[in-house]
Structure formats: structure tokens, C-alpha cells
Amino acid sequence: MFTGIITDIGTIREAEQRGDLRLVIGSAYDMESVAIGASIACSGACLTVVEKGADWFAVDLSAETVARTAPGLWVEGGRLNLERALKVGDELGGHIVTGHVDGVGHLVSAKSEGDSTRLVIAAPSTLAPALAAKGSITLDGISLTVNNVEDQADGSVHFGLNIIPHTAAETTLDALPQGRAFNLEIDVLARYLDRMMSLRTRAM
């Protein structure tokens, strides 16, 4: 379990396709306190530490994980938003995040708005019912608040976010090329409500 508050930016030092994809990620975390088998959210995907060194840890990504996450994310030199798993008693500064990616969104636009940056993200139709103004969304592991939602003719949805300077400086949102892909995780309550509604509709 996570909160969507990023505590480090890691860099992929090695990406090797074995049976699964093995990544070696450089990090400023105190590795003495990171156990083998620990969970670390890497740009929103909960991954398991399988090896570690003084300033790095390694994770394995299955083909399923790679297929369901943002394309081009898991490459050598890539930067990742990192968050260690929540401990009992930790401050819940963001919202409850599971580290399970629900879909991939793409950047439609990024424009200055005061000192902040206004993002518009396109999300697939499967996530449209779970997105609401003032609701929570996780974008590459970052807990954010949805400002507005605009349904599109093809069933997909565009939603707006405001990124304050601190968030941009402490995450990978300092780089926003057009069309950039993002890992999206909807609010956990929305996930359960969506399941309940689908079962109710099926029963009618």
C-alpha cells in the first residue's frame, strides 16, 4: 500500500531481458533499510526488490506488467518516481494507492497557469466512469486531484490537473513531451464501485 507521495527519483541503470525484464535502479534510499522482497512503487507500479547494492536495487517485470504499463518507461536511462511501501503509523499525505496500474493515459496539452502547469490527460473509455472532478488519480505514482473531466465522442475522457512547482521539481513531471504516456491508477473506492455497478447491471 502507498500514498502517492514521491520520495525519490530513481534512474534505470540496466534493463536486461531475461525470462522477465530485470531492471537495476539507482536510488538515494538507504538500502540498509530496504529488505529483499520489499515493495517499491516505481512510477505507479508496485514492484518487488529482488537484489540490492549500496545505491541501487533490482526488480523483475513480467511480460504482463510491461504490457499494461506506459510504453517506453522501462528503458535504460529512464527516470522513475519512487515510493516505499506505507508503514503503520506513517502520515497518509496523498490518498490510498495500491500500485496496480489500471490503464495508460497520454498527455494532450501542458500550459502555464500562474506558477503552475495545467495538464490535460487523455484516458481510455474503460476508466471514464471512475474519473470525477475533485476525485483522486495517480499519475506515474503521484497522488493528484482531478480538476475537471470532459467526456469525448469516442467514449474516452480528458481530465485536467494542476501541477504546482514543488510537485514538478520533486517528480518526473518536470519533463512533459507532447503525447507522453503515463501509468494511471484510479481511486480504490472508484474501482470497487465500478465492480459493484457492473454486477448490479448484469443481475437486472
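So which of A38, A122 is at pLDDT 95 or above and over 29 Å from D20 (Cβ atoms)? Break it down stepwise before answering.
Numbers: A38 fails: over 29 Å from D20 (Cβ atoms).
Testing whether each residue is at pLDDT 95 or above and over 29 Å from D20 (Cβ atoms) leaves just A122.
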Seminar exercise, completed: The number of residues in the stretch 32-49 that are exposed (fewer than 13 other Cβ atoms within 10 Å of the Cβ) and hydrophobic (A, V, I, L, M, F, W, C) is 2
Exercise. Would you say V24 is free of Cβ contacts under 8 Å to residues at least 40 places away in the same chain and in contact with a Ser or Thr (Cβ under 9 Å, 6 or more places away or on another chain)?
Worked result: no
Exercise. Which members of the stretch 1-25 meet the condition of being surrounded by 18 or more Cβ atoms within 10 Å (Cβ to Cβ) and within 13 Å of A58 (Cα to Cα)?
Worked result: G10, I12, L23, V24, I25
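Within the stretch 175-204, how many residues turn out to be charged (D, E, K, R) and modelled with pLDDT of 95 or more? Let's see the steps before the verdict.
Just the residues of the stretch 175-204 that are charged (D, E, K, R), to begin with: 180, 185, 187, 191, 194-195, 200, 202.
Restricting the remaining residues to those that are modelled with pLDDT of 95 or more gives 180, 185.
Within the stretch 175-204, residues that are charged (D, E, K, R) and modelled with pLDDT of 95 or more number 2.
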For this session: Please tell me if G141 is surrounded by fewer than 15 Cβ atoms within 10 Å (Cβ to Cβ), out of contact with any Phe, Trp or Tyr (no Cβ under 6 Å at 6 or more places or on another chain) and under 21 Å from T171 (Cα atoms).
Result: no
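Considering the stretch 76-92 alone, what residues qualify as being surrounded by fewer than 11 Cβ atoms within 10 Å (Cβ to Cβ) and not charged (D, E, K, R)? Give the steps one after another, and end with the answer.
In the first step, residues of the stretch 76-92 are kept if they are surrounded by fewer than 11 Cβ atoms within 10 Å (Cβ to Cβ); the result is 77, 87-89, 91.
Across the stretch 76-92, the qualifying residues are G77, V88, G89.
The values are calculated or read from the model by the stated rules, or taken from the named source; none is laboratory data. In this text, all values refer to a predicted model and were calculated from it rather than measured experimentally. Virtual Cβ from ideal backbone geometry, glycine too; neighbours counted across all protein chains shown.
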